[in-house]
Structures are given as C-alpha cells and as structure tokens.
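Let me begin by presenting the structure, written as structure tokens, before commenting on it.
Please treat every number below as a calculation from the coordinates, not as lab data. If you're wondering where the values come from, they're calculated on a predicted model, not measured in any experiment. All Cβ positions, glycine included, derive from the backbone under ideal geometry; neighbour counts span all protein chains shown.
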Amino acid sequence: MTGGHVERFGRLRRELHEARAEGRRRWGDAFADLGGSEPLTAWPSDAEADRALAVAAHTRRYGPVEGRDDIRAAVAAHYGRALGIPLGPEHVLLSPGALAGITLAVLALCRPGEPVAVPLPHYHAYPGLIELAGGRPVPVPVDGRLTIRPPGALLLANPVNPTGAVYGRRHLERILPGGPVVADEVYAEHVYDPRDFTSVASMLPLDGSVAWLAVRSASKTLGRPGLRVGVVIGPAPLIAAVADRSAVLSGAANLPGQLAFAAGLPGAAAADHMRPYRARLHDTLALCEGLGLPVERPRGTYYLWVGPPAPATAAHAARLCRDAGVFVWPGEYFGSPSHARVSLAVPRATLAAGLRRLAGAR
C-alpha cells in the first residue's frame, strides 16, 4: 500500500499518454510533439554499440550486483576525471537505470517515514519513488532554485528537469548542510556554461562522514536511454548500503548495457553535449519572444519552462493534443501547474510549429 502519490501519478501519466496517442491519430504527420526527452546525440557510434552489445555468452551468468568490476573501474575513472576527485570502483554502483539508482539511494539514506524534501517543480517520479522507498515526500516551493535548506533528507535535481535551473558551488554551500542528500545529476553534462554547475561529489567528503549520494545515467551521459544503466556515486560505505538494497530489490544492471556504457565513455568524455542545442535555444527564445510566450532562460538541460498560454494542467494539455495538434508536458506533471515543459530535442520545424500552435491557443 502507498499514500497515494503513485496512484495519482499513474492516473496523470495514463491520461497524458492516451491524449498524446489520440493527437497522433487525429493529426498524423502534422502532429507537433514537443515532449521528447531523448538527447539528439549519442556515444559510442551505433556500429560500436552493436559490437559492445554482441555478448550473448555473458548473459548466461548473473553479474555482481554492484556492476562488473572492470566496468565499475572504467566508470569510476571517467567520473573521477570529470569531477576532479579520486573515485575508485568502491565509490560507484551500476543500477538498472537512473530511476532505480535514485530509489536505491533514498532507501539507503532515509529511514521509513522520514520526510524527504523535494524542491518544486520536480522530476515527475520523485514523490512516487520516495513513497515506494518508505519516505514521506515534502514538496518545497521555490523561486527558481532552493535557497534555504529544509529539515531532513533532500532529493535535489541539478540541473533541474523541467526548468533548466542549475546549482553552482556558492548556491550548494547554503543548502547542503543539514541532513542526507540524494543528488539527481543525470543532466550534469547538459549545461550551457559548465562554470554554472557543481556536483555535490566535488564538495562533500568520500569518507562516509556525510550522508550523500549522486546519480548519473547512460541515458544522458551517452545519449542512450535504452541501455537502462544508472550510476550511483558516493562514499564506499554508502555504496555498500545501496548494493545491499539492490540485491533484494532490483539486482544488477544488465551486462550488455554495462558493456555498451563502458564503450561509450571515451567518446562522451571528449564531447560537447550542448552543441546541438545552443543555436536552437537562441532561435527558440527569439521565437517565443515574438509569439508572446513567456519563458525562463535555462542554464542547463535541453528544455524550456514556458508560461501561459502553454498548458499547465493535464486536462489543458490533453485538449491541445486533440484540438491544436501539439503536445507538451504540463506543469502539473512536475508538481507545479503554472508552466509547461517544451523540449529542444525535437526537429526544428516541429518545434517552431508547435510553439506557434501553443501561442495561438489562448
């Protein structure tokens, strides 16, 4: 049994998916879907990924729940270099997707019934996964970014999906002290100016004296969400605690996905993840201004947080699917029925057409 967050989210998710499907049926190729969340670029190449995934013999055995040792070492080296900290294999665990990693992190750091603060707006799954982990989600309204640390544990997205807000060092210094922290950093590579972003892993000790865990993913580091591989980073004792919970809940991440993840890390390390989005952002902000669509300029991710007349509720978004042939994720989906999330990771013509339809649906 749950407190209702999972059920409410399920109803909302089904309503929106059904409306999206109906819009596609009605409008066909003219349907403007601005809800995409898959990155525009990916590593390694498809051919190299094919080779990495051709590992049928490996799938006949169970792998270590923490991830295969050599792959954990490669993942630790990659993120250690990116973060400027001495990560070893004992500091990382490979989970079956980032959502599983966040859930395992909450399970490891939070006691049953403990409040877990979630700044609004939030990634849509946070309240439900906290509830399933035995915690009590506590939404915290914020103006852009959290500025005062709430009591108890904290689940913090950085960068923030859906708004594109980013937390840097000075901001984090004000909010990290005070209790356990789970940092959802899956969009860490997707920052327009890397100087704006700081990982909690670069600020908090690895000796276990502070309770923190950070989560990354193949979905965004490599642009391959179908691999379903997440990375939990943190002090070795806490990674061991995550592994204990993974052993009874999810088991290991799939081994072909782990191998493809490792194969893609060298290319991703040298890549400019934001290259496909900078010009799109510039052009789209100009278009929004011309159309009279209020939008908050993002510092990270590849999303725009667009104000009215963009649909803030699921009912409004469903109506626009049917009547205007455009889909966006409404703010209600993210706990804040004030804006809507628009993706830049869609074809340019689709993006422009969809925004014009949003502006015309007053």
Centroid-to-centroid separation of the range 100-147 and the range 16-34 [C-alpha atoms, Å]: 31
Integer Hz, Karplus 6.51/-1.76/1.60 couplings in order for the range 284-298, x for Gly and Pro: 6, 4, 5, 5, 4, 4, x, 8, x, 8, x, 9, 8, 5, x
Three semi-axes of the equivalent ellipsoid, the range 27-69, Cα gyration tensor, whole Å, largest first: 35, 14, 12
Separation in nanometres of the label points that stand 7 Å from Cα toward Cβ, at GLU296 and ARG322: 3.1
Residue-by-residue Karplus 3J(HN,Hα) for the range 127-140, coefficients 6.51, -1.76, 1.60, Hz, glycine and proline x: x, x, 6, 5, 4, 5, 7, x, x, 10, x, 10, x, 10
Over the chain: Rg over Rh, Cα atoms, Kirkwood Rh: 0.96
222 nm mean residue ellipticity, helices alone, for the chain (DSSP H n ≥ 4; -39,500 (n - 2.57); rounded to 500): -12000 deg cm²/dmol
Gain upon complete extension [GLU15, ASP143; 0.36 nm per residue less C-alpha separation]: 43.2 nm
HIS282 versus LEU40: modelled label distance in nm, points set 7 Å from Cα along the beta carbon direction: 1.3
Cα-based shape type of the range 177-258, given that a ≥ b ≥ c are square roots of the gyration tensor eigenvalues and the cut on a/c is 1.5: oblate
Derived scalar couplings ³J(HN,Hα) [the range 38-49; Karplus, 6.51 cos²θ - 1.76 cosθ + 1.60; whole Hz; x for Gly, Pro]: 7, x, 7, 10, 8, 9, x, 4, 4, 5, 5, 5
Extended-chain gain in nm, criterion 0.36 nm per residue less alpha-carbon gap, GLU90 and ARG169: 25.9 nm
